[in-house]
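The values are calculated or read from the model by the stated rules, or taken from the named source; none is laboratory data. Quick caveat, the model's predicted, so the values are computed rather than measured. Neighbour counts run over all protein chains shown; Cβ positions are idealised from the backbone, glycine included. Surface accessibility is based on the protein's heavy atoms, side chains included, excluding ligands, DNA and RNA. Shrake-Rupley method; radii C 1.70, N 1.55, O 1.52, S 1.80 Å.
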Amino acid sequence: MSARVTITLDELILLKADARGYSFLPRQPIHSLLAGRHASRLRGRGLAFEELRHYQPGDDVRSIDWRATARRGSAHVRVHNEERERPVLLIVDQRAPMFFGSRRAMKSVVAAEVAALGAWRTLRVGDRVGGIVFNEAESVEIRPKRSQTAALRLLYEVVRFNQALASGTTAHGDVTLNGVLEAALRRAAHDHLVVLISDLDGADDETQRLATLLAAHNDVLAVLTYDPLGASLVGQPGMIATDRGSRWEIPTGSAFADAFRQAFARRLDEWTEIFRALRVPVIPISTAEPVADQLRTLFGQHLAGQ
């Protein structure tokens, strides 16, 4: 099965129809990529009901639920979470290592699809969306806005970078994953949802430091794009691998296949643990299956019409 190499703006626009049907409860096991508005942990007279509990000294008497108090025989208060706007910043990796895929689509195409679904869902719930699209030679930043024009501009840049990967011209420059995360820090000072859509190629200790700073005042989500062949590779006679101008023959036999699979698993486990310590969910998205279907499975309950 051949992999889809590029994607068009029209196809990303059509994904608007798939940006629905997700559950965005604040207490989901993993925070939804496409949640948009969210409930803060600030207690107050907000819009989202959280719990009914016993009255405690210092509670606002206006929060007493008199019906529950009469029914239970002791004072009870209704506790709410404040709802507040949360701008969404989508960081979309379109570097050369993303130009790989053995099944349905390249990792770079999958990243574009995730970005489109995130952008459309964010607008659907009335929040601002922007992002940073980058490769080795260039990065483009779109300021979060609550407008379809902003979303289309972001997706236009995603398509431009995506199609450049298939042009046969290698991008050269000094743009790095860490440099882009530094730009995200400048943009997302606090109360953003920062979504990193990447295969984490080149991630290192500095990446961990920058992710820590981002997560200190924002919600952060790492969407890890991967290809099944990249997770489990069995060498065949004459199989050649290339990377950044280097070429080598892939060894045959079970020893190489086992070592390759274990190396992939170790790296995934390492970054999952790093991000878990920061309370940053790692969401694996495969190139082999439709992205919208994977998001519905990962983000839980399907709500018709939402």
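Of the conditions (1) more than 20 Å from Val133 (Cα to Cα); (2) open to solvent by less than 60 Å² (accessible area, probe 1.4 Å); (3) modelled with pLDDT of 60 or more, Glu270 fails just one. Which one is it?
Looking at each condition in turn, Glu270 falls short on (2).
Check whether at least one residue in the stretch 88-109 is modelled with pLDDT under 85 and surrounded by 21 or more Cβ atoms within 10 Å (Cβ to Cβ), and report yes or no.
Checking the stretch 88-109: at least one residue is modelled with pLDDT under 85 and surrounded by 21 or more Cβ atoms within 10 Å (Cβ to Cβ).
Among the residues of the stretch 199-232, write down those that are within 19 Å of Thr122 (Cβ to Cβ) and small (Gly, Ala, Ser).
The one that is within 19 Å of Thr122 (Cβ to Cβ) and small (Gly, Ala, Ser): Ala222.
Take the residues of the stretch 85-135 that are farther than 18 Å from Leu165 by Cβ and of a type in the set (D, E, K, R): which is nearest to the chain's Cα centre (by Cα)?
Arg121
Which residue pairs have Cβ atoms under 6 Å apart, sit 6 or more places apart or on different chains, and have a first residue in the stretch 47-62 that is surrounded by 12 or more Cβ atoms within 10 Å (Cβ to Cβ) and at pLDDT 75 or above and a second that is part of a strand (DSSP E or B) and not charged (D, E, K, R)?
Listed pairs, sorted by first residue: Leu52/His76; Tyr55/Val77.
Given (1) modelled with pLDDT under 80; (2) part of a helix (DSSP H, G or I); (3) surrounded by fewer than 12 Cβ atoms within 10 Å (Cβ to Cβ), identify the lone condition not met by Trp248.
Among (1) modelled with pLDDT under 80; (2) part of a helix (DSSP H, G or I); (3) surrounded by fewer than 12 Cβ atoms within 10 Å (Cβ to Cβ), the lone unmet condition for Trp248 is (2).
Based on what the data block shows, is Leu181 hydrophobic (A, V, I, L, M, F, W, C) and either touching a Lys or Arg at 6+ places or on another chain (Cβ under 8 Å) or closer than 26 Å to Thr207 by Cβ (or both)?
Spelling it out, Leu181 is indeed hydrophobic (A, V, I, L, M, F, W, C) and either touching a Lys or Arg at 6+ places or on another chain (Cβ under 8 Å) or closer than 26 Å to Thr207 by Cβ (or both).
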